[in-house]
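Everything below concerns the one structure shown next.
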Amino acid sequence: MLKRRDMFTGLALAAMLARKGWADNVSVTVAAPPLTLLVAGPDGQQTSRWGDACALAMSGCFPGNPAINTMTVGGLDGVTGANRLDALVVPDGKTAAILPGVALIAFLCGDSRVHFDPTRWTPLLAGGNSGVLMVRAAGGVKPDLNLLKSMAPLRLGADSPQSADLAALLALARIGVATAPVFGLRDTAAKTRAFIAGEVDAVFISGEGVPEDLAPLSASGAVPAFSLGAMDASGRVAADPLFPSLPDALAFGPGTEPFLDAAYAAAAVAARLDFLLVLPRLTDANSVAQWRKAATTASTTPGLSAAADASAISLQPAPVLAAALAALSLPVDAQVSLQTFLAKTYGWQPS
């Protein structure tokens, strides 16, 4: 969203450009070895913009004030970059990575391209976003379980099962609401057009700027049914601060199948993450402490805070991200059941 990108340009003003070293009372310029922030996604795209913003905000937070260089790798879904992190990055504290949450969806769906395990990464910082299911309801009636079941099979506009929409699909399956997904709606704009045209009766909106994106849907007869809520450092899910009066999906009742509870919880974690900043496994404790201190400092800088606020993104510390990554660790039988469910229900086969 172009107008949100404007917020990132001001971050350059916060970068600390002056670096000095002293030896034997003589002023010299000391160039500390640079650090690297691996960006899982193309240059100029969403994850890249957050990567640039985080690198600038963390400048000056490390001993010796090393430069933090960004290196973009792979496509929009972050899978190639995540593979690079696990396979090729040496855990020497010199390289961190920033990835989109959708890479975690690929992990859950058993995508054959996935050769990484996010549950083993060391968390630093996350950008959390909202996720809200909007449904068509006459007279603005507040949706409940009975209403949702009366609309079954619910025509849900979605990208694909291997997207953030997986959280909504599983949330509805978990409470026994059958869906008839209309796949191929790649972004919020496409979903909104389909809803307004009457081609679908429900859409799941997540990512940056969710409150703003709900406005045209509300004006066209959509009402919010539930949100994904927000996770805290203990792993507990509470109301989304941006939608405090909206119930989260779990409030609609118990799950119909045990594996759906675990699968939904994991998919919701991924769908709530706009980006995650991590270190590779086995990074030494001293380096982890330095990166976490830098990330914490960065999250309080005016530039990064303003960019997050403008995008309706919540900057979340390492403990919250740690709880989120832990929820991705599905038992083997639950992960197999999930992939079988996706194949039987939606004809989905991972790439």
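Every number here is computed from the coordinates shown, using simple stated rules; none is lab data. Given the structure is predicted, the values throughout are model-derived calculations rather than measurements. Here the Cβ is made from the backbone with ideal geometry for all residues, glycine too, and neighbour counts use every protein chain on show.
In µm²/s, what is D for segment 73-140 at 4 °C and 1.567 mPa s, where D = kT/(6 pi eta Rh) by Stokes-Einstein and Rh is the Kirkwood radius from Cα pairs?
After rounding, the answer is 92 µm²/s.
As a quick test, which of the pairs Lys191/Lys344; Lys142/Lys293; Lys94/Lys191 have an alpha carbon distance above 32 angstrom in this structure? Correct reply: Lys142/Lys293; Lys94/Lys191. Backbone N atoms of segment 204-234 closer than 15 Å to the 7 Å Cα→Cβ label point of Asp187 belong to residues 206-210, 213. Restricting attention to the chain, close to 65% of DSSP beta bridges with both partner residues there are antiparallel. The mean sequence distance of close C-alpha pairs (under 8 Å, at least 6 residues apart), as a share of the length of the chain, puts its relative contact order at 25 percent. Taking amide hydrogens as placed 1.01 Å from N in the peptide plane, the amide H of Gly207 sits under 5 Å from those of Ser130, each at least 5 positions away in sequence or on another chain. Model label points for Asp92 and Asp284, set 7 angstrom from Cα along the Cα-to-Cβ axis, are 1.1 nm apart. Among Val269, Val89, sorting on how many other beta-carbon atoms sit within 10 Å of each Cβ, with the fewest leading, yields Val89, Val269. Compute the Cα gyration tensor for segment 128-225, then decide on rounded, prolate or oblate, letting a ≥ b ≥ c be the square roots of its eigenvalues: rounded whenever a/c is under 1.5, prolate when a/b is larger than b/c in the other cases, and oblate in all that remain. In terms of gyration-tensor shape, rounded. With Cα atoms defining each centre, segment 179-236 and segment 46-113 are spaced 28 Å apart in the structure. Each Lys or Arg adds one and each Asp or Glu takes one away; over the other residues whose Cβ falls under 9 Å from the Cβ of Asp86, this sums to +2. Name the residue, out of Leu170, Leu330, Leu321, whose mean-square fluctuation peaks in a Gaussian network model built on the chain with Cα pairs under 10 Å. Among Leu170, Leu330, Leu321, the largest GNM mean-square fluctuation belongs to Leu330. Phi-derived couplings, Karplus 6.51 cos²θ - 1.76 cosθ + 1.60 at θ = phi - 60°, listed residue by residue for segment 293-303: 5, 5, 5, 5, 4, 4, 5, 9, 5, x, x Hz, with x used for Gly and Pro.
Every helix of 4 or more DSSP H residues in the chain counts as -39500 (n - 2.57), and over all residues that averages to -11500 deg cm²/dmol at 222 nm. Ordered by the number of other Cβ atoms lying within 10 Å of each residue's own Cβ, fewest first, Lys191, Lys344 fall into the sequence Lys344, Lys191. From most to least packed by mean Cβ count within 10 Å, the peptides 156-162, 331-337 give 156-162, 331-337. Here's how it looks for Gly176: its modeled amide H is under 5 Å from those of Thr256, which are all 5 or more places away or on a different chain.
The charge dipole of segment 44-117, taken about its Cα centre with unit charges on the Cβ of Lys, Arg, Asp and Glu (plus for the first two, minus for the last two), comes to roughly 140 debye. Going from the residue with the fewest nearby Cβ atoms within 10 Å to the one with the most, Ser287, Ser220 rank Ser220, Ser287. Given the alternatives (i) 34.8, 123; (ii) 21.1, 80; (iii) 31.9, 111, Rg and Dmax of the Cα atoms in Å as computed for this entry is given by (ii).
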